[in-house]
Amino acid sequence: MRFHGRQRLRRTSEFAAVRQHGSRRECGPFLFTWLDRGDGGADPVRRLGVVVPKRVGRAVDRNLAKRRFRALFIRHAGLLPPDGDLVILVRPSAVKSSFAELEKRFVKACQKAHRSQTPMHDEKSPASPK
């Protein structure tokens, strides 16, 4: 399976919409933000945007992080609801994390996004249900 161009968030406004209106989940080495577009189109498309700031490391490290998260998205896209946008904000610790650890956290966040169409809360947030 490939990562097609139509599966990619491209415009700043698309990233901003997800970050403003989406549900955030703190996942340690990355921040998972999901927005259900609810287009209801004939061909539902899940889209991904990966944000890797320069503080993550050298260009090699940043590119590795992007490749890893695209691979996770391709592998586990079926766990996410259709017609939605996902933005991953990569943190410096993601470069040091193993692929298996990132995958475990990514799958857990995808399952929570699929189970609840209500906003997710940070695990550390006092507003999160216990």
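Couple of notes before you dig in:
- Peptides 91-100, 4-13 ranked from most to least packed, by the mean per-residue count of other Cβ atoms within 10 Å: 91-100, 4-13.
- From least to most packed, judged by other beta carbons within 10 angstrom and beginning with the fewest, 18, 60 follow the order 60, 18.
- Taken over segment 5-115, lysine pairs spaced eight or more positions apart, or on distinct chains, with alpha carbons under 16 Å apart number 5.
- Amide hydrogen proximity for residue 45: with H placed 1.01 Å from N in the peptide plane, the residues at 5 or more positions away or on another chain lying under 5 Å are 83, 84.
- Coupling constants for segment 75-88 follow from the phi torsions by the Karplus curve (6.51 cos²θ - 1.76 cosθ + 1.60, θ = phi - 60°), and in residue order they are 5, 10, 4, x, 7, 8, x, x, 6, x, 10, 10, 10, 10 Hz; glycine and proline get x.
- Each Lys and Arg Cβ is given +1 and each Asp and Glu Cβ -1; about its Cα centre, segment 5-115 then shows a dipole of about 500 debye.
- Annotation: segment 5-115 has a Kirkwood hydrodynamic radius of 14.0 angstrom, from the mean reciprocal C-alpha pair distance.
All of the numbers you see were taken from the coordinates with simple rules; none came from a lab. Note that the structure is predicted; figures quoted are calculated from it, not measured. FYI the Cβ positions are ideal-geometry reconstructions off the backbone, even for glycines, and counts take in every protein chain you see.
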